[in-house]
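The values are calculated or read from the model by the stated rules, or taken from the named source; none is laboratory data. This is a predicted model, so every value here is computed, not measured. Neighbour counts are summed over all protein chains in view; Cβ atoms, including those assigned to glycine, are modelled from backbone coordinates with ideal geometry.
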Amino acid sequence: MIVYVELVLFDNFCLDALIGSITLRCLKEHNTFYRVVLSALVGCLFALISPLINSYIILFKVAVLFANSAVLYLKKALRGYFITTLVYAAVSFTLSGIMTFLLDGKLSYTFIGIEHGGIVGITSISICLMMYIARQIKGIVQEKRRSDKYAVAEFFSGEMSVRLNALFDTGNLLTDRNGNGIVVIDEKSIRTLGDLQAYGEMNVKTAGGNKMLKLVKIPCIKIYSGGSENTLNNVTVALSDLPKEYAAILPA
C-alpha cells in the first residue's frame, strides 16, 4: 500500500495532540494549547526519523515518550515530570490500542473514502472537537449554576451605597423578631455606609461554635441576579466576618 509522508505526519500530529490534551486534562492543567502543539510537533519529528531506526526500536519509543512528556510539563519539578510521563504513557497506550482496534482491517479502507492514511488524524480531530464541545457545555452549566447561586447586592443608607458580591444560601434560616429573613453581611465591607440603626444582637450557631452577631437596620437593599432586580426595604442585617468570595449571605 502507498504511504504518503504528509498523511503520516498528519496522523501523528493529531494523535499526539489528542494524547497531550487528554494527559494535561487528567492532570488538571490549564492554558496548555501551545504545549500540546509543541509536543505534537516533537512527535512528528520522531515520526520522520523512525523509518531510519532499524534497531533499538524500544529505546527509541521510550525516548519519544520522555521527550513528549518533557515538552508537555515544561517545569523543573522532577516529581511532576515523572507523574506527567506516567499519565502520558497510560493515555498513549490506551488510545493507540483503541485506534488499532477500531480502525484496522476494512475500516481503514472505507472511512469517509480515505484509502492511504489520514484516518487516525481525522478520528483524533473528531475526538478533540467532542471534548471541546463537552467543555463548553460544562462551562455553560456551571455558569448557570453560579448565576443561580450568586448575585450582586447593593446596600443603601441615606445618600451612600455599596455594592457587594452576595450568596444565596439555603442554610441561612435566620429571622428577626418580626419573622423576616436576615441578611448576613461582612462588617468591614459595610462600614462605608456610616452609622446604621442598631437592632440588638443575635446568638448564632456556626461551624466554629456559638457567636453573638450585632444586628442593624438597612433602609434599602437591591439585589441583581439573572437579569432581574429585587428591592427589599427596612432589612435586618447581621454583621459578621465573611470570606473574600462574597461579602453578603442572602436568605435563599
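Things worth noting here:
- Filter pass, Leu242 being crowded, with 18+ Cβ neighbours inside 10 Å, in contact with an Asp or Glu (Cβ under 7 Å, 6 or more places away or on another chain) and not in a loop (DSSP other than H, G, I, E, B): no
- Selection count, the range 63-85, where residues are exposed (fewer than 13 other Cβ atoms within 10 Å of the Cβ) and closer than 15 Å to Ser21 by Cα: 0
- Test result for Glu154, at pLDDT below 85 and not assigned by TED's automatic domain parsing to the domain that holds Val37: no
- Filter result for Asn31 (modelled with pLDDT under 85 and farther than 24 Å from Leu7 by Cα): yes
- Considering residues of the range 45-62 that are of a type in the set (Gly, Ala, Ser) and in contact with a helix residue (DSSP H, G or I) (Cβ under 8 Å, 6 or more places away or on another chain) only, the residue surrounded by the fewest Cβ atoms within 10 Å (Cβ to Cβ): Ser50
- Every residue from the range 19-42 that is within 19 Å of the chain's Cα centre (by Cα), of a type in the set (A, V, I, L, M, F, W, C) and more than 15 Å from Thr85 (Cα to Cα): Phe33
- Sole residue being among the polar types (S, T, N, Q) and touching a residue at least 60 places away in the same chain (Cβ under 8 Å), chosen from Ser157, Ser126, Ser161, Ser189: Ser157
- Scope the range 28-44; condition touching a helix residue (DSSP H, G or I) at 6+ places or on another chain (Cβ under 6 Å) and farther than 19 Å from Met130 by Cβ; matching residues: Arg35, Leu38, Ser39, Val42, Gly43, Cys44
- Filtering the range 28-44 to residues that are part of a helix (DSSP H, G or I) and surrounded by 14 or more Cβ atoms within 10 Å (Cβ to Cβ) leaves Arg35, Val36, Val37, Leu38, Ser39, Ala40, Leu41, Val42, Gly43, Cys44.
- Filter pass, Ala166 being touching a Phe, Trp or Tyr at 6+ places or on another chain (Cβ under 7 Å), in a strand (DSSP E or B) and farther than 13 Å from Val237 by Cβ: no
Each row is one residue, and each column tells you yes or no for (1) modelled with pLDDT of 80 or more; (2) within 26 Å of the chain's Cα centre (by Cα).
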{"site": "Ser55", "(1), (2)": "no, no"}
{"site": "Leu65", "(1), (2)": "yes, no"}
{"site": "Gly80", "(1), (2)": "yes, yes"}
{"site": "Thr100", "(1), (2)": "no, no"}
{"site": "Leu103", "(1), (2)": "no, no"}
{"site": "Phe111", "(1), (2)": "no, no"}
{"site": "Ile114", "(1), (2)": "no, no"}
